[in-house]
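> Structure below; questions to follow.
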Number of protein chains: 2
Amino acid sequence: MKRPEKLYLGIDGGGSKCKVLLADEHGQALGTGISGPANPNQGLDLAINSIMDATEQALHAAGFASSMVDQLIVGAGLAGVNLPKYRLMLEQWDHPFTQFHITTDLQIACMGAHNGMEGAVIIAGTGSIGMAHVNGQTHELGGYGFSVGDQGSGAWMGITAIKQALQALDGLLPNSDLTQRVLDFTQCRNAQELAQQMANLKPSAYAKLAPLVVEQAALKDTLALDIVLNGADYISRLARKLLTYNPPRLSMIGGLAPRIQPWLDEDVRERVEPAIQPPENGAILFAQQQALVSEKA
Amino acid sequence: MKRPEKLYLGIDGGGSKCKVLLADEHGQALGTGISGPANPNQGLDLAINSIMDATEQALHAAGFASSMVDQLIVGAGLAGVNLPKYRLMLEQWDHPFTQFHITTDLQIACMGAHNGMEGAVIIAGTGSIGMAHVNGQTHELGGYGFSVGDQGSGAWMGITAIKQALQALDGLLPNSDLTQRVLDFTQCRNAQELAQQMANLKPSAYAKLAPLVVEQAALKDTLALDIVLNGADYISRLARKLLTYNPPRLSMIGGLAPRIQPWLDEDVRERVEPAIQPPENGAILFAQQQALVSEKA
């Protein structure tokens, strides 16, 4: 195919997968790629391998040779680079691109959601985090990780369901159908088995229980309602704080977003607008913006 | 010294230390020993080394040679042996004693607290667990570990304080002095540092914050009050459930017990009676009881 004047690559690199999008100077999609984890705190080599793997897929899908990698203006939104240590590791990478601009996965999600314009975004998936990008300023809230944060996220809902089920099995909380559904899902027969099997797992393992919790809440299951209302209360407070920065728009993305949205407080719910583009398109917009900044400099 | 007819050794083996007590047939203390972790889930070799180390100390303190180990009738209350896997590991140990009777640390704490008689006990320390021993039956509640349980414990209070402080620093909860005390204690300057430094620690590291939380609650600090009242609510519900088994007595032991007791619901608080003897004495009582059972068999 005819080679475009400029080639942009947008990278959405998360803790479980890396999605890339190749686009021409008009933002026209040419090819995509998908690979494994690209969060540098899971290992720099793994992250780099994931990035290169998905990049090569996208080049091939567009009919380009792998050697074209040195023509790419790359915008990478990566989980973990909010921590200076991991950002530095990636900045020091001897990358093969013509330009390599790094930011957080949150920033590209926000740029995608508002089509490159300013706004606020909440990600509710395995974890939870919020960000407002207004008047050139970035405000990040939450995102402290599963151990000490991530309230209202899928992993938080899942582990809270385990904790509540254990209390119900001990007779310390009124029982509800949630307990049996948790036992069935985990194939455990009692509290001892549940505690042994479900202790100290990865956040993603707990997040698998979240759909079940939301389903039970819709059926007015008391234990599940308590969990979902608590989680939604955190997300509502997060959204309300983001709205104090007066963002033009507020969007919610992530696997749990459509499930938790109906449970948010009404003042927040009516402010949530759909994301216009996905994060990898946000990464292309980021690459284009940063390339312009580079040219001017 | 004159050699007693029978020598009993009581072992209180926990996750951080192993305490042993050597006593004669009248329960008279002859010597003590103290060593490292004796929870087999931290490693069977480590647990055995801790047991043997503390045993030798006690024999020497009593003026006996190490070779006297083969005369000991041992009662061992060990953390972790509520899980069948770890109990089996210890039962298969080719121990050097004349008799070696194994039970949980909870059981010997209960026997000690009620001087060998039946009753119920709650341990509130780094973790939390409850047990009632009534009419020869044992009922265990909670104790599911830091990851999915241990509500109301020191570790639970500490990590909850971190979570609340992070929300307060994000402006999602009304601030109180607790936040600054948590920052001072951890020597962190902001939410990012606090989240990085205090994520994924051992339960004992979080438990160090518990005294501070209880202190702030006494000063009517809103964030701290919320944590302590929540924790005390769990312990109250645990106690109330244990009381349904009609134990003659209920005691609370563990480092957090005296601190949380004033916060319990009144109906529970007025039922709590002091522990009569410490767990290692409970282990001696257990050894004597089991030796009697062996003789009869």
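> Can you tell me which of (1) within 10 Å of another protein chain (Cβ to nearest Cβ); (2) in a loop (DSSP other than H, G, I, E, B); (3) buried (at least 23 other Cβ atoms within 10 Å of the Cβ); (4) in contact (Cβ under 8 Å) with a residue 40 or more places away in the chain is the one residue B:141 doesn't meet?
(2) is the only condition that residue B:141 fails.
> Does any residue of segment B:201-211 turn out to be assigned to a helix (DSSP H, G or I) and over 19 Å from the mean Cα position of the chain (by Cα)?
Our first condition is that a residue be assigned to a helix (DSSP H, G or I); within segment B:201-211, this holds for B:203-207, B:210-211.
From what's left, over 19 Å from the mean Cα position of the chain (by Cα): none.
No, segment B:201-211 contains no residue that is assigned to a helix (DSSP H, G or I) and over 19 Å from the mean Cα position of the chain (by Cα).
> Okay, next question. Consider residue B:152 carefully, then state whether it is in a loop (DSSP other than H, G, I, E, B) and more than 8 Å from chain A (Cβ to nearest Cβ).
yes
> Here is a follow-up. Which pairs turn up if I take residues in segment A:253-281 that are without any contact (Cβ under 8 Å) to a residue 12 or more places away in the chain and look for partners that are assigned to a loop (DSSP other than H, G, I, E, B) and of a type in the set (Gly, Ala, Ser) with beta carbon separation below 8 Å, at least 6 apart in sequence or on another chain?
Qualifying pairs under 8 Å: none.
> Does any residue of segment A:124-134 turn out to be in a helix (DSSP H, G or I) and away from chain B (no Cβ under 12 Å)? Break it down stepwise before answering.
Step one: filter segment A:124-134 for residues in a helix (DSSP H, G or I), giving none.
The answer is no; no qualifying residue exists.
> Return the pair list, or none, for Cβ contacts closer than 6 Å from residues in segment A:11-26 that are in the same structural domain as residue A:71 (by TED's automatic domain parsing) to residues that are among the β-branched types (Val, Ile, Thr) and surrounded by fewer than 24 Cβ atoms within 10 Å (Cβ to Cβ), at least 6 apart or on different chains.
Close Cβ pairs satisfying both conditions: A:19/A:34; A:21/A:32.
> Hey, another quick one. Condition test on residue B:161, is it of a type in the set (A, V, I, L, M), within 23 Å of residue B:265 (Cβ to Cβ), out of contact with any Pro (no Cβ under 7 Å at 6 or more places or on another chain) and within 14 Å of another protein chain (Cβ to nearest Cβ)? Break it down into steps so the answer makes sense when it comes.
Working: of a type in the set (A, V, I, L, M): yes; within 23 Å of residue B:265 (Cβ to Cβ): yes; out of contact with any Pro (no Cβ under 7 Å at 6 or more places or on another chain): yes; within 14 Å of another protein chain (Cβ to nearest Cβ): yes.
Yes; evaluated as a whole, the condition is true for this residue.
Here is a yes/no grid of residues against (1) more than 25 Å from residue A:76 (Cβ to Cβ); (2) under 16 Å from the mean Cα position of the chain (by Cα):
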{"position": "A:264", "(1), (2)": "yes, no"}
{"position": "A:270", "(1), (2)": "yes, no"}
{"position": "A:277", "(1), (2)": "no, yes"}
{"position": "A:282", "(1), (2)": "no, yes"}
{"position": "A:289", "(1), (2)": "no, no"}
{"position": "A:296", "(1), (2)": "no, no"}
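> If we keep just the residues of segment A:171-218 that are small (Gly, Ala, Ser) and closer than 29 Å to residue A:258 by Cβ, which is modelled with the lowest pLDDT? It would help to see each step written out before you state the result.
Here is the first cut: in segment A:171-218, the residues small (Gly, Ala, Ser) are A:171, A:176, A:191, A:195, A:199, A:204-205, A:207, A:210, A:217-218.
Narrowing further to those that are closer than 29 Å to residue A:258 by Cβ: A:176, A:204-205, A:207, A:210, A:217-218.
Numbers: A:176: 94, A:204: 88, A:205: 93, A:207: 94, A:210: 97, A:217: 97, A:218: 96.
Here the residue is A:204.
> May I ask you to list the residues in segment B:165-185 that are assigned to a helix (DSSP H, G or I) and more than 10 Å from chain A (Cβ to nearest Cβ)? Please lay out each step first, then the result.
Taking segment B:165-185 first, the residues assigned to a helix (DSSP H, G or I) are B:165-169, B:177-185.
Scanning segment B:165-185 gives B:168, B:177, B:178, B:179, B:180, B:181, B:182, B:183, B:184, B:185.
The values are calculated or read from the model by the stated rules, or taken from the named source; none is laboratory data. This is a predicted model, so every value here is computed, not measured. Cβ coordinates were reconstructed from backbone atoms using ideal geometry, including for glycine residues, and neighbour counts include every protein chain displayed.
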